[in-house]
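A short write-up of the structure that comes next.
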Amino acid sequence: MRSSFLGLEVSKRTIQLSQKALDVTGGNLSNSKTEGYTRQVVDVGAKYLNKYEYWQTSTSRMTLAGQGAVGIGVDQVRDPYIDKRYRESTPYVAEYSTSADILREVETVLDNITTDGLTASIDEFKKALSSYAERPDSEELASIVRNSAYNLTNLLHTYHSGLEDLKMTNLESLQASLEDTNNIIDRIVNYNKSIVKEYTSMAQGFIGPNESVTGSYGPNEMLDERNLLLDELSYKFNIRVYDNADGSVRVVTADDKGNETEIINGEKYEHIYMKGSTKTDDDYDSELERDYYAYNSAVLRWTSGADANHFVTGELQAYTNMLNGNGVYKTGYQNDKYGIPYYESAMDSFAHTFANYMNYFNGAVDENGKLIDKDRLMFCTNEFEDPNYDIGYEDLDMNTSNIRIAKAWMENATMVGETYDEKEGKWSLSLDGDHINQFTVKLKTQALDFGGKGDYEGTVYDYLLFISNRIGQNIDYFDNRHDAAFATSNALLDSRDAVSGVSETEEGINMLTYQNWYNASARLMTALDDALDRLINNTGRVGL
């Protein structure tokens with residue numbers, strides 16, 4: 001025979017379960033706008049008795065049937081596979097977005113070099129030459145030619161300072177991103193510690209010492225916060241996340257060859273930083289700038305000393321590519337991406353090649369760039385004309401930062417109109433202007449080797465168009481890849497929200513369901529109470 005109060009106990013437990021289900025539903029609704037919150041549910045199971053217990057016989061099972069429901073735990077509705085796929089997609093979104101934004105800034109600095117920038121400046125120079133060719137004896141027109149060249153050098157100086165400022169700005173952004181990354185790592189480690197303690201307390205007496213707590217009921221809110229931080233970390237670089245048996249996580253990153261670096265493992269962790277320099281030079285405005293120029297690169301290291309410059313993707317990869325990418329001009333720690341250094345090198349190449357071509361036209365250097373006549377130089381650097389410097393013209397690194405009008409041209413503007421008389425062995429002003437007109441034609445048609453490293457061979461105009469097209473193509477590439485990666489990431493985020501997010505409609509239906517469950521359980525208790533009342537108070541009383 002069943003216990004007299006068995007039904008009341010079952011009803012009480014069911015009422016408590018329905019109350020808890022309503023509590024959890026209320027918690028879901030109140031957190032429907034909370035970032036990173038995962039929908040929770042009460043897992044319910046049927047209570048049963050083991051037939052092999054020593055005090056129970058097979059005939060007694062019927063009398064103990066109907067034990068009702070028990071609450072197993074409060075679980076999160078989450079799909080680990082979607083989490084994995086989402087964290088694989090977000091670093092690509094970060095890389096492509098950051099890279100495109102930086103290249104757009106490069107394009108702004110170069111001021112649309114094929115329209116309003118350098119090309120327009122060269123057009124003005126050619127126009128001044130053409131006007132001067134009509135009156136080679138005019139010092140005023142000769143001065144206009146020289147002033148046009150002066151403006152061109154100033155524009156190149158502007159490019160240099162603009163790209164340098166852009167480099168420093170993004171170097172500071174990289175440093176801020178590194179600090180943010182280390183902060184995220186610290187917080188994940190702290191949550192690892194807290195979660196392990198919670199699991200140890202909750203699982204005590206239920207899970208053996210060699211069993212994993214992963215997948216069991218844990219501190220859901222802390223798990224949400226840690227998952228949110230893991231999502232943020234995946235934006236910085238590509239990661240893989242593994243669950244440890246004690247409830248903590250292990251996080252690794254891998255290069256394109258599959259070589260892994262362990263970033264977090266329980267309470268152990270690595271920080272990332274930019275490799276420092278021991279230089280004591282005072283020429284730098286900050287230690288950050290000093291550390292960068294010590295290697296002409298942003299060299300990243302883990303605290304263990306391992307190289308951290310070989311992420312597959314992510315925000316940090318975008319910054320290092322844009323700060324270290326020097327194309328065919330790469331040296332040392334630099335890479336072959338088309339970053340800010342590449343466009344600096346490309347403009348330096350233009351300055352050097354264009355100046356040498358002008359010096360060749362004016363008889364200062366031979367076709368190989370070797371100095372013939374110092375007094376015929378049109379362009380040089382400050383160092384070359386400084387008596388305190390013992391440096392040859394061939395050793396000059398003429399670039400956007402140091403190119404200037406040579407002293408000889410500054411003192412004699414009409415020098416550009418002079419031709420060499422082989423019979424008399426001297427330079428003199430030519431009044432026909434033919435050689436100037438021929439030069440303006442050559443300036444548009446003469447193929448030059450820019451950079452000397454196979455980067456490009458063509459006319460001045462073609463080279464500038466080539467650089468402009470390269471920037472535009474790279475921006476388009478990153479924009480298109482970003483759009484594709486963003487669409488994939490958004491689709492995965494929608495899938496995750498469909499599984500883990502709180503639907504107010506669904507929770508409203510659940511609330512009505514649990515309310516009906518509560519009402520039915522309460523009604524059952526009332527019925528059982530009436531039955532017991534009849535049994536206890538009215539049994540054996542005839543006529544009542």
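The values are calculated or read from the model by the stated rules, or taken from the named source; none is laboratory data. Since we're looking at a predicted model, the values are computed, not measured. Counting neighbours? That spans all protein chains shown, and the Cβs are built from the backbone with ideal geometry, glycine included.
Details
- Looking across ASP123, ASP116, one residue alone is loosely packed, with under 15 Cβ neighbours inside 10 Å, modelled with pLDDT of 90 or more, out of contact with any Lys or Arg (no Cβ under 7 Å at 6 or more places or on another chain) and not hydroxyl-bearing (Ser, Thr, Tyr). It is ASP123.
Residues are listed down the side, and each one gets a yes or a no for (1) of a type in the set (Phe, Trp, Tyr); (2) not in a helix (DSSP H, G or I):
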site: ASP449; (1), (2): no, yes
site: GLY454; (1), (2): no, yes
site: TYR461; (1), (2): yes, no
site: ASN490; (1), (2): no, no
site: ASN516; (1), (2): no, no
site: ARG534; (1), (2): no, no
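- Test: residue in the range 214-230 that is within 20 Å of SER177 (Cβ to Cβ), in contact with a helix residue (DSSP H, G or I) (Cβ under 7 Å, 6 or more places away or on another chain) and outside any helix (DSSP H, G or I): no
- Residue-level check: of (1) in a helix (DSSP H, G or I); (2) surrounded by 14 or more Cβ atoms within 10 Å (Cβ to Cβ), VAL502 misses just (1).
- Among the residues making up the range 360-393, those that are assigned to a helix (DSSP H, G or I) and either free of Cβ contacts under 8 Å to residues at least 40 places away in the same chain or under 24 Å from VAL328 (Cβ atoms) (or both) are TYR360, LYS374, ASP375, ASN382, GLU383, PHE384, GLU385, TYR393.
- Sole exception among (1) basic (Lys, Arg); (2) surrounded by fewer than 17 Cβ atoms within 10 Å (Cβ to Cβ); (3) in contact with a strand residue (DSSP E or B) (Cβ under 6 Å, 6 or more places away or on another chain) for LYS275, by number: (2)
- Residue satisfying all of: in the range 394-410; charged (D, E, K, R) and assigned to a helix (DSSP H, G or I); nearest to THR440 (Cα to Cα) among these: LYS407
- Residue check for SER489: on the phi < 0 side of the Ramachandran plot and within 20 Å of the chain's Cα centre (by Cα): yes
- Residue within the range 354-362 that is within 17 Å of VAL416 (Cα to Cα), of a type in the set (Gly, Ala, Ser), at pLDDT 90 or above and touching a strand residue (DSSP E or B) at 6+ places or on another chain (Cβ under 7 Å) present: yes
- Residues of the range 475-498 satisfying the condition of being surrounded by 13 or more Cβ atoms within 10 Å (Cβ to Cβ), within 29 Å of VAL44 (Cβ to Cβ) and of a type in the set (A, V, I, L, M): none
Matching residues to (1) of a type in the set (Phe, Trp, Tyr); (2) assigned to a helix (DSSP H, G or I); (3) at pLDDT 95 or above:
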position	(1), (2), (3)
LEU163	no, yes, yes
THR181	no, yes, yes
ILE184	no, yes, yes
ILE188	no, yes, yes
TYR191	yes, yes, yes
VAL196	no, yes, no
